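The values are calculated or read from the model by the stated rules, or taken from the named source; none is laboratory data. For clarity, every value in this text was computed on a predicted model and none was experimentally measured. Methodologically, a virtual Cβ is constructed for each residue, glycine included, from the backbone with ideal geometry; neighbour enumeration extends over all protein chains shown. The accessibility values were calculated without ligands, DNA or RNA, using every heavy atom of the protein model including side chains. Shrake-Rupley method; radii C 1.70, N 1.55, O 1.52, S 1.80 Å.
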Amino acid sequence: MDDEQQRPDHGPLAGFTVGVTAARRADELGALLQRRGAAVLHAPALRIVPLADDSELLAATKQLIDQAPDIVVATTAIGFRGWVEAADGWGLGDALLERLRAVELLARGPKVKGAVRAAGLTEEWSPASESMAEVLDRLLAEGVDGRRIALQLHGEPLPGFVEALRAGGAEVVGVPVYRWLPPEDLGPVDRLLDAAVSRGVDAVTFTSAPAAASLLSRAEERGMLPELLAALGHDVLPACVGPVTAVPLQAHGLDTVQPERFRLGPLVQLLCQELPIRARALPVAGHRLEIRGHAVLIDGELRTVPPAGMSLLRALSRRPGWVVPRAELLRALPGTGRDEHAVETAMARLRTSLGTPKLIQTVVKRGYRLALDPATDAKYTDG
């Protein structure tokens, strides 16, 4: 049997639901997640002001053309390209490029360097580390007192960067490429918040600090910030593309996971490693039962389970091998019904979804239990 035949027919994220807060490149991130089996809940926490309509960017561009800076720092490839394209649209493209040829141009990393050269310009210097901290160190080492520095912004905060330059005596001019505002339609964000606090998602991805701050702000407006922080602190994994993105979450005491390389691909690969590790796996009735967000794996085979069934299964798995009373299982079901017959109905559907007999045992007049294998039963039931 070749490697292709041995692979399961589901991806590593099958059975998990991932929230996506990105506005830009959301489709790309969503496709990467879905290709690996995840269900995706897209809720752009921001909207981007179109460059052609951005009066602040136009004003900053005119100002730099009229009053030459000493140094220009290009921070992102897409931002730099967008700035040049917007200037072309306003009839200022040639004037902007002429101005940039005459200044010290620094590019943060290889991608930005490529965008600079594609515009027919040459950078003075670029750090291999792609680190703004290294750019700052170089500027301060050269001395910035009395110098005018234009900084191409890209929606991301740059903690301490501008302050350090100004403390050194520089005049800093921000070039606000791709300004981000709250979304016009808050419906998707509210749905993501509801899903997060109800544990209807397994992870939420963040690709910009403003998006993280926006989601937290909306939760606060709705009076549900403590619930959101509790979810992100325990059951829902907050995954950030990099350390700057994580700042608003860390300010609330949350731990996040981040890939070593700050890109979408590594972010998705990190989720492929982290989420399966967090899933509960139990030896039940001679099978390996792995409980994921909206599905289970039975001996590696994916089984989709309805929400009510997942609620019952999670309640049973919290005390594997123990009998869980019907009244307790009723409380675990979505909704506030009082009829214990609802437990029997949901249990019948759960067993059908699992497709494997004897995983769940009925204990007459008492409730239900997961049929934990005898060899491991003592581990979970003693004490």
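Among the strands (runs of 3 or more DSSP E) contained in the stretch 246-356, which hold 2 or more residues that are under 19 Å from GLY11 (Cβ atoms)? Of the strands (runs of 3 or more DSSP E) lying wholly inside the stretch 246-356, those with at least 2 residues that are under 19 Å from GLY11 (Cβ atoms) span 287-291, 295-298, 301-304.
Counting only residues that are touching a residue at least 60 places away in the same chain (Cβ under 8 Å) and open to solvent by 30 Å² or more (accessible area, probe 1.4 Å), which one in the stretch 131-154 is farthest from the chain's Cα centre (by Cα)? Looking at the filtered set, the residue picked out is ARG147.
Only residues that are modelled with pLDDT of 95 or more and not charged (D, E, K, R) were counted in the stretch 220-249, giving 16.
Being more than 15 Å from GLY367 (Cβ to Cβ) and either open to solvent by less than 80 Å² (accessible area, probe 1.4 Å) or of a type in the set (Gly, Ala, Ser) (or both) is a condition met by no residue of the stretch 317-325. In the stretch 113-122, the count of residues that are touching a residue at least 60 places away in the same chain (Cβ under 8 Å) and charged (D, E, K, R) is zero.
For the residues ALA231, ALA246, ALA239, the requirement of being surrounded by 19 or more Cβ atoms within 10 Å (Cβ to Cβ), under 16 Å from GLY19 (Cα atoms), more than 13 Å from the chain's Cα centre (by Cα) and not acidic (Asp, Glu) singles out ALA231. If you go through the stretch 8-58 and pick out every residue that is in contact with a Pro (Cβ under 8 Å, 6 or more places away or on another chain) and of a type in the set (Asp, Glu), you end up with 2. Can you find a residue that is under 17 Å from THR21 (Cα atoms) and among the small types (Gly, Ala, Ser) anywhere in the stretch 249-264? Taking every residue of the stretch 249-264 in turn, none turns out to be under 17 Å from THR21 (Cα atoms) and among the small types (Gly, Ala, Ser). For a quick check of your reading of the model, give me the residue pairs whose first member lies in the stretch 173-198 and is over 30 Å from GLN67 (Cα atoms), whose second is open to solvent by 60 Å² or more (accessible area, probe 1.4 Å), with beta-carbon atoms closer than 6 Å and at least 6 apart or on different chains. Pairs that qualify, where the first residue is over 30 Å from GLN67 (Cα atoms) and the partner is open to solvent by 60 Å² or more (accessible area, probe 1.4 Å), are PRO183/ARG47; VAL197/GLU227. Taking residues in the stretch 273-297 that are acidic (Asp, Glu), and partners anywhere that are surrounded by fewer than 18 Cβ atoms within 10 Å (Cβ to Cβ), the pairs with Cβ atoms closer than 6 Å and at least 6 places apart or on different chains are GLU274/VAL257; GLU290/ALA279; GLU290/ALA281. Out of everything in the stretch 162-191 that is modelled with pLDDT under 90 and hydrophobic (A, V, I, L, M, F, W, C), what residue ends up being nearest to ALA107 (Cα to Cα)? Looking at residues that are modelled with pLDDT under 90 and hydrophobic (A, V, I, L, M, F, W, C), I get VAL177. Condition test on VAL257, is it buried (at least 17 other Cβ atoms within 10 Å of the Cβ) and either modelled with pLDDT of 90 or more or on the phi < 0 side of the Ramachandran plot (or both)? No, not satisfied. The residue that is most open to solvent (accessible area, probe 1.4 Å), among those in the stretch 203-219 that are under 11 Å from the mean Cα position of the chain (by Cα) and not small (Gly, Ala, Ser), is THR207. Among helices (runs of 4 or more DSSP H) entirely within the stretch 138-229, having at least 2 residues that are of a type in the set (S, T, N, Q) singles out 209-221.
Screening LEU106 with (1) assigned to a helix (DSSP H, G or I); (2) closer than 28 Å to ARG263 by Cα; (3) open to solvent by less than 50 Å² (accessible area, probe 1.4 Å) gives one miss only, at (1).
Within the stretch 79-120, the set of residues being basic (Lys, Arg) and under 31 Å from the mean Cα position of the chain (by Cα) comprises ARG81, ARG108, LYS111, LYS113. Give me a count of the residues in the stretch 34-70 that are of a type in the set (Lys, Arg) and either under 23 Å from TRP180 (Cα atoms) or touching a Phe, Trp or Tyr at 6+ places or on another chain (Cβ under 8 Å) (or both). So the count comes out to 2.
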